[in-house]
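S.K.: The structure that follows is given in the form of structure tokens.
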2 protein chains.
Amino acid sequence: MQKGLLLVVSGASGTGKGTVCKRLLAESSTLFYSISATTRQPRAGEKDGVEYFFVTVEEFQKWIAEDKFLEYAEVYGNFYGTPIHKIEERLNHGEDVLLEIDIQGALNVMKKRPDGVYIFLLPPSLEELSNRIKGRGSESPETFARRFQAATSEIATGKKYQYVVVNDTVDSAVEKIKAIIAAERCKVNRNENLFENLLAV
Amino acid sequence: MQKGLLLVVSGASGTGKGTVCKRLLAESSTLFYSISATTRQPRAGEKDGVEYFFVTVEEFQKWIAEDKFLEYAEVYGNFYGTPIHKIEERLNHGEDVLLEIDIQGALNVMKKRPDGVYIFLLPPSLEELSNRIKGRGSESPETFARRFQAATSEIATGKKYQYVVVNDTVDSAVEKIKAIIAAERCKVNRNENLFENLLAV
């Protein structure tokens, strides 16, 4: 059986990766979301064990010490991390796992998992990026300025990824990511068994 | 503008690459067939300049001398070659070009064009491969035996390609190749302009 794909979707703040990933998960029965752990406060409507595992700083540091993270990072004063155990289990069962993580985290995962599929989402324009960051409404003007500047400087990091997808519409971004998943499943290095099985008598 | 993709579809004899490529071309408005030159006799219904450029051995050798081929090879006593000029023209206009060539030819193109997309078609089973080679009806028992043995020994060559697609049904093979095309268009190294355009003010 073919191992599942570790799909890493990332992008600067405000590129809409949350929306794209939600749609992708809703439309793909073989794709599962890797739930991250975080020390930040839940936003309205967020539930522990659904969007995130909400943990204390003490708990988070205990998990670090126990080597329970594929990666972890501090972003805007909060910790975020990807628990590795559940991911491996799914991949070994041929299920695909989606990691929706920030750039810093994705770069760390790249080093550990070169077999992953790394997709960088781009906003269609800087104007649109600015609108999206503003549209969240949860930021002060200072936070906005900091996030916008961080986001634009983060965009160049996308060149380190394998794939780049412009999020001009959620539909087209989701279709492109689905194509990437289908294509990656056809990669020769993910299908060595195919040749052996075919030629074995 | 993004350059077109050079799509190379190849596979052992009898894997049905002709049928798959025909369907792919019919369904993709941006994909164009690269017409090969050959010294073999036209089969029933084949027209010069449509399936192939049918040329004499003398003409073919003149083209070789004039460096007009991306690759050429002798297969079963006949020459086949890929004229390069028309291909480059299309790629530079952002159009994709499909090369449907034998394995020997594809391996030569790989060396010259590492930016190409190399897809290897596999038959679903050796039994099916045997049936398909027999089904052509145009071969003597000796030709059949030779082609079947060549085909099975060629299959392992597929590991040198980037992608492998099992031709279990034409529909599924065509869908997979379409996904590969869409995914390749998202490759970061094919989209360097995207980053520059986005960040330029």
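The values are calculated or read from the model by the stated rules, or taken from the named source; none is laboratory data. Given the structure is predicted, the values throughout are model-derived calculations rather than measurements. Cβ sites come from the backbone with ideal geometry, for glycine too, and all protein chains shown count toward neighbours. Calculation scope for accessible area: heavy atoms of the full protein, side chains included, ligands and nucleic acids excluded. Shrake-Rupley method; radii C 1.70, N 1.55, O 1.52, S 1.80 Å.
S.K.: Taking a point 7 Å out from Cα toward Cβ as the label site, list the nm distances between residue B:144 and the same residue in every other copy, smallest first.
M.R.: 7.6
S.K.: Report the convex hull volume per residue for chain B, counting only C-alpha atoms, in Å³.
M.R.: 130 Å³
S.K.: Apply 1/(1 + (r/R0)^6) to the Cβ-Cβ distance of residue A:23 and residue A:46, taking R0 = 25 Å, and write down the FRET efficiency to the nearest 0.05.
M.R.: Calculated transfer efficiency: 0.85.
S.K.: Shortest first and in nm to one decimal, what separations exist between residue B:42 and its copies in the other chains, measuring from label points 7 Å along the Cα-to-beta-carbon line?
M.R.: Spelled out, the distances from residue B:42's label point are 7.4 nm.
S.K.: Can you tell which of A:80, A:52, A:105 lies farthest toward the positive end of the dipole of chain A, using +1 and -1 charges on the Cβ of basic and acidic side chains (Lys, Arg; Asp, Glu)?
M.R.: It is A:105.
S.K.: Using the Kyte-Doolittle scale, find the helices of chain B whose mean hydropathy is at least -0.5 and whose Cα atoms extend 20 Å or more along the helix's long axis, counting only whole DSSP H runs.
M.R.: Span-like helices, by this rule, are B:170-185.
S.K.: Give me the mean projected area, in nm² to one decimal, of the convex hull enclosing the Cα positions of the stretch A:1-85.
M.R.: Over all viewing directions, the stretch A:1-85 projects a mean Cα-hull area of 6.8 nm².
S.K.: Kindly compute the accessible surface that chains B and A hide from a 1.4 Å probe when together, both sides summed, and give it to the nearest 100 Å².
M.R.: Approximately 2600 Å² gets buried when B meets A.
S.K.: Exceeding 22 Å between C-alpha atoms, which entries from my cross-link table qualify? They are A:68/A:187; A:86/A:111; A:178/B:187.
M.R.: In this structure, A:68/A:187 exceed 22 Å between Cα atoms.
S.K.: For peptide B:159-171, compute the average count of partner chain beta-carbon atoms within 10 Å of each residue's beta-carbon.
M.R.: Mean partner-chain Cβ count within 10 Å for B:159-171: 3.
S.K.: Which percentage, to the nearest 5, of the DSSP beta bridges contained in the protein assembly as shown is antiparallel?
M.R.: Restricted to the protein assembly as shown, the bridges split so that about 30 percent are antiparallel.
S.K.: How much accessible area does residue B:17 have with a 1.4 Å probe, in Å² rounded to the nearest 10?
M.R.: The accessible area comes out at roughly 40 Å².
S.K.: Along each of its three principal axes, how wide is the spread of alpha-carbon positions in the protein assembly as shown, in whole angstrom units, largest first?
M.R.: Rounded to whole Å, the extents work out to 77, 52, 30 Å.
S.K.: Highest GNM mean-square fluctuation, chain A, Cα pairs closer than 10 Å: which of A:75, A:20, A:97?
M.R.: Comparing A:75, A:20, A:97 in a Gaussian network model of chain A, the most mobile one is A:75.
S.K.: Can I ask one more? Could you work out how far apart the two model spin labels at residue A:35 and residue B:66 are, taking each label as a point 7 Å from the Cα in the direction of the beta carbon, and quote it in nm?
M.R.: A separation of 6.9 nm, rounded to one decimal place.
S.K.: Place the label 7 angstrom along Cα→C-beta at residue B:172 and in each other copy, then list the distances from the first to the rest in nm, shortest first.
M.R.: 3.1
S.K.: Tell me, what is the 1.4 Å probe accessible area of residue B:140, in Å² to the nearest 10?
M.R.: 40 Å²
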